[in-house]
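What follows is calculated from the coordinates using simple rules that are stated; it is not laboratory data. Owing to the predicted nature of the structure, the values given are computational and were not obtained by experimental measurement. Cβ: placed from backbone, ideal geometry, glycine included. Neighbour counts: every protein chain shown.
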Amino acid sequence: MDPTDAMIKGWGTFFTFLFVGFFPYILTKIICFGPKGDKYFKGGIAGVIAIWLFHVMLFGTLTSIMFTASKPTITLENITFSDKYAMFLKLTLGHHDYLSLSSTTEDFTLYMPYYTTKDDIDEDLLSKIITDNFFIYVRYQLEGFEINNSGISKDNWYIYLNGEYLGSIFVKHGLFLTEIVYRWDMEKLNDREDKTFMQQLPELRFE
């Protein structure tokens, strides 16, 4: 297991214990016996257990929602808090420039989302993401591609190869994470596809 993944899992276990074990205990103690522990509770031991179980179920449900929510889509707003937290830790502690999430295809457009803690997104990082993506860069023979700013916004970019438009890049800044979404024109990519790529794949990956 990646050391950063292990650390994230450890923190997840810690917060689970905090929410499900510690908080219900503290709240039950305050409700039943007061902040100073000098209050008499008339409900007896059964009442104390009932209140404790209620809080365990409440915080257990909140923890479940936080850590097992559905996977994020390509928009930064739809990423769960736990996903943002895990990505932020991995980017910061693992010293990664960026992280990728699952791509989706819709109406002949391939959406590929990436996330980084960098706020100043430049051409070097955007180019690095493309060249690092073996299945895009090699499969569709993108050597020599160019990335140009749209001129409308510093967060909108276009991808060209030999003057031909291949896709666009949109950048959206969040509080701790910056989202970079590549929108590839699949029809243009398919026209450039190396048909022998899949046959060469085992050799290419280990060169």
Fill in the blank from the handout: Of the residues in the stretch 155-180, those that are touching a Phe, Trp or Tyr at 6+ places or on another chain (Cβ under 7 Å) and of a type in the set (Gly, Ala, Ser) number 2
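Being touching a strand residue (DSSP E or B) at 6+ places or on another chain (Cβ under 7 Å), surrounded by 13 or more Cβ atoms within 10 Å (Cβ to Cβ) and in a strand (DSSP E or B) narrows it down to one of Tyr111, Tyr165, so name that one. Give the steps one after another, and end with the answer.
Details: Tyr165 fails: surrounded by 13 or more Cβ atoms within 10 Å (Cβ to Cβ).
Being touching a strand residue (DSSP E or B) at 6+ places or on another chain (Cβ under 7 Å), surrounded by 13 or more Cβ atoms within 10 Å (Cβ to Cβ) and in a strand (DSSP E or B) holds for just one of Tyr111, Tyr165, which is Tyr111.
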Practice task
Would you check if Ile152 is in a loop (DSSP other than H, G, I, E, B) and within 22 Å of the chain's Cα centre (by Cα)?
Solution key: no
Completion exercise
Flagged in the stretch 124-148 as outside any loop (DSSP other than H, G, I, E, B), more than 22 Å from the chain's Cα centre (by Cα) and touching a residue at least 24 places away in the same chain (Cβ under 8 Å), in numbering order, are Ile147
